[in-house]
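Step one of this worksheet: look at the structure below.
Rule-based calculations on the coordinates, nothing more; no lab input. Quick caveat, the model's predicted, so the values are computed rather than measured. A quick note on method: Cβ atoms are made from the backbone with ideal geometry, for glycine too, and the neighbour counts reach across all protein chains shown.
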Amino acid sequence: MDNGRIDQIIDKYDGKESSVIQVLLEIQRENRWLPGEVLERVSEKLRVPLSRIQQIVTFYKAFSLSPKGRHEIHVCMGTACHVRGAPRVLDTVQDLTGIKPGETSPDLKFSLKTVNCVGCCALGPVVVIDGEYHGKMVPATSEDVLKNYE
Ligand code: FES
């Protein structure tokens, strides 16, 4: 994200120091993560110490300090999904994307995470991609599901 765009977002909030969280959230939404130089720019423009900004972005889970893929895959590894074969689904997703949980693919297409229960155990194994639920997953359907995401 370039400085011009960061400044536009800051200007929307009249450059007020008190808007720091809203500014960071908006940048996060648009850029999907917060690089160090972005934090420095926000610090400088809003006159908020960088140390304070770092406290904020490490405290709130909504912020990411590392690159995120365009699509976020969450594979449920809760008990109900686990006993129905989630580990095999996870293995397949890892093979197809080339990444492990906690990682982002080098082309920034996918980020992968495991979660413990997403609240629809009867549909297990469940994989959630960008908030969309895919139930009764098996290794063979993983490829069909993933190829819908560009
Ligand atoms: S354990 Fe996977 S949805 Fe509940």
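Each peptide among 144-150, 9-15 gets the average number of other Cβ atoms lying within 10 Å of its residues, and from highest to lowest they stand as 9-15, 144-150. Our summary gives the chain a relative contact order of 20 percent, counting only alpha carbon pairs under 8 angstrom and 6 or more residues apart. Sequence-distant contacts, meaning Cα pairs under 8 Å at least 6 residues apart, place the relative contact order of the stretch 71-147 at 41 percent.
For the stretch 71-147, the ratio of Cα radius of gyration to the globular rule of thumb 2.2 N^0.38 Å stands at 0.97. For the chain, C117, C120, C121 stand unpaired, since no other cysteine beta carbon lies under 4.7 Å from theirs. Across the stretch 125-139, the residues whose backbone nitrogen lies under 15 Å from the label position 7 Å along the beta-carbon direction of D91 are 138-139.
Computed packing ranks the peptides 2-8, 81-87, 100-106 as 81-87, 100-106, 2-8, most packed first, by mean other Cβ atoms within 10 Å.
Near E150, once Lys and Arg are set to +1 and Asp and Glu to -1 for all other residues with Cβ below 13 Å from its Cβ, the sum equals +1.
Hydrodynamic estimate: the Kirkwood radius of the stretch 3-59 over Cα pairs, inserted into Stokes-Einstein at 25 °C and 0.890 mPa s, corresponds to D of 224 µm²/s. Holding the Cα-Cα limit at 30 Å, pick out from K45/K147; K113/K136; K16/K109 the pairs that are longer than that. In this structure, K45/K147; K16/K109 exceed 30 Å between Cα atoms. Each Lys and Arg contributes +1 and each Asp and Glu -1, all at the Cβ; summed about the Cα centre of the stretch 2-150, the dipole is approximately 420 debye. For the stretch 14-82, applying the loop criterion from DSSP together with a ceiling of 14 other beta carbons within 10 Å to the chymotrypsin sites (Phe, Trp or Tyr not before Pro) yields Y60. Relative to the longest principal axis of the Cα atoms of the chain, helix 36-46 runs at roughly 40 degrees.
The orientation-averaged shadow of the Cα convex hull for the chain, equal to a quarter of the hull surface, comes to 9.6 nm². Mean separation of Cα pairs under 8 Å and 6 or more residues apart, divided by the residue count, gives the stretch 28-98 a relative contact order of 31 percent. For the chain, adding -39500 (n - 2.57) for each run of n ≥ 4 DSSP H residues and dividing by the number of residues yields -13000 deg cm²/dmol at 222 nm.
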